Amino acid sequence: MKKRWLAVCAAFTLLLGACSTAQTTPQATESARTEKTALMVSAAASLTDALDELKASFEAENPGTTLTFIFGSSGKLATQISQGAPSDVFLSASQKDMDGLEEKQLIVKETRQNFTGNALVLIADKDSTLAIPSFADLDKPEIKYIAVGAPETVPAGRYAKEALETLKLWDTLSGRMVFASDVRQVLTFVESGNADVGIVYSSDAAISKEVKVLATASPEWHKPIVYPGAVVSNSKHPDAAKAFLAYLTSDKGKAILQKYGFQ
């Protein structure tokens with residue numbers, strides 16, 4: 001009789017356990033359903049404003065994915081990815097930095113695509129009285145400080161150096177250069193009055209109400225300013241990363257980029 005009673009108790013305990021499992025399974029399923037993919041995008045600093053707007057529209061249309069941006073100079077971002085920093089997508093302001101990652105097999109080659117372009121412009125404070133109709137006039141004595149991105153890591157600085165070397169002015173003006181860690185810092189130097197003029201992308205000049213464009217560099221003076229994007233090889237969310245790149249190159253993505261001065 002005692003053995004029969006123990007058997008009944010054991011069966012009852014198992015039944016309770018089964019019921020408990022049946023009750024928690026839907027909750028676990030619901031939790032998995034609502035969990036979002038956090039996508040990390042390493043992007044050139046010049047893309048900041050355009051991507052901040054694109055984030056809202058992308059997340060609204062892709063409720064299962066959230067975007068986190070890491071902005072900086074393309075060279076520094078490429079170095080971080082090379083050193084193992086987590087990232088799902090790399091958006092570069094130059095082919096060179098993307099080429100370096102491709103050579104190391106750190107991007108998914110077949111996902112690489114050029115998604116926009118830009119132009120190089122010379123800017124000054126909006127109230128400046130400087131009359132500089134061309135980059136060729138940068139050697140005027142009244143110009144004391146010229147803000148430029150560091151050519152080693154900042155693509156805009158690299159293009160600026162190429163343009164000034166074409167004009168035979170880089171060495172002449174080197175003593176007046178104020179080097180910045182990214183193109184947005186160049187903009188800040190001019191806005192704050194720490195530089196008389198600066199060389200930035202047309203998209204950077206377009207978002208600031210504190211500066212004006214004095215001149216535009218001829219595309220023949222430097223390599224084409226092209227922005228490539230690609231999925232990073234060690235991405236934990238390759239499908240979501242591909243979806244983001246597809247959105248970036250869609251009509252909606254292009255419209256947002258054009259709104260912020262990209263070509």
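The values are calculated or read from the model by the stated rules, or taken from the named source; none is laboratory data. Since we're looking at a predicted model, the values are computed, not measured. All Cβ positions, glycine included, derive from the backbone under ideal geometry; neighbour counts span all protein chains shown. Heads up: the accessible areas ignore ligands, DNA and RNA and are worked out on the full protein's heavy atoms, side chains in. Shrake-Rupley method; radii C 1.70, N 1.55, O 1.52, S 1.80 Å.
Quick check on Phe71: is it modelled with pLDDT of 95 or more, surrounded by 10 or more Cβ atoms within 10 Å (Cβ to Cβ), farther than 14 Å from Asp88 by Cα and not small (Gly, Ala, Ser)? No, not satisfied. Pick from the range 113-154 the residues that are assigned to a loop (DSSP other than H, G, I, E, B) and of a type in the set (A, V, I, L, M, F, W, C): which of them is modelled with the lowest pLDDT? Once the filter is applied, the top-ranked residue is Ala131.
Ala50 meets all of the listed conditions (1) farther than 23 Å from Glu102 by Cβ; (2) open to solvent by 10 Å² or more (accessible area, probe 1.4 Å); (3) not β-branched (Val, Ile, Thr) but one, namely (2). Val183 passes every criterion in (1) closer than 22 Å to Ser94 by Cβ; (2) touching a strand residue (DSSP E or B) at 6+ places or on another chain (Cβ under 6 Å); (3) open to solvent by less than 30 Å² (accessible area, probe 1.4 Å); (4) modelled with pLDDT of 95 or more apart from (4).
If the condition is being farther than 17 Å from Ala241 by Cα, of a type in the set (S, T, N, Q) and in a loop (DSSP other than H, G, I, E, B), then the range 72-104 contributes Ser73, Gln83, Ser94. Search the range 192-215 for residues that are of a type in the set (Asp, Glu) and pair each with any residue that is open to solvent by 60 Å² or more (accessible area, probe 1.4 Å) when their beta-carbon atoms are under 7 Å apart and the residues are at least 6 apart or on different chains. Going by the 7 Å Cβ cut-off, the qualifying pairs are Asp196/Lys144; Asp196/Tyr145; Glu210/Lys126; Glu210/Glu191. When the residues of the range 238-263 are narrowed to those that are of a type in the set (A, V, I, L, M) and in contact with a strand residue (DSSP E or B) (Cβ under 6 Å, 6 or more places away or on another chain), which ends up farthest from Leu51 (Cα to Cα)? Ranking the candidates gives Ala240 first. Determine whether the range 207-225 contains at least one residue that is at pLDDT below 95 and closer than 15 Å to Ala45 by Cα. Yes, the range 207-225 contains a residue that is at pLDDT below 95 and closer than 15 Å to Ala45 by Cα. Scanning the range 105-153 for residues that are open to solvent by 10 Å² or more (accessible area, probe 1.4 Å) and among the aromatic types (Phe, Trp, Tyr), we see that the one that is farthest from Val211 (Cα to Cα) is Phe115. I'd like to verify a number: residues in the range 174-191 that are in a strand (DSSP E or B) and within 8 Å of Gly149 (Cβ to Cβ), how many? Adding up the residues that qualify gives 2. The set of residues in the range 56-68 being surrounded by 19 or more Cβ atoms within 10 Å (Cβ to Cβ) and assigned to a helix (DSSP H, G or I) consists of Phe58 alone.
When you check Ala43 against the structure, is it among the aliphatic types (A, V, I, L, M), at pLDDT 95 or above, closer than 17 Å to Thr249 by Cα and not in a helix (DSSP H, G or I), yes or no? So Ala43 fits the description; yes. Checking Leu130, Leu122, Leu138 one by one, the residue that is under 23 Å from Ala206 (Cβ atoms), out of contact with any helix residue (DSSP H, G or I) (no Cβ under 8 Å at 6 or more places or on another chain) and not hydroxyl-bearing (Ser, Thr, Tyr) is Leu130 and no other.
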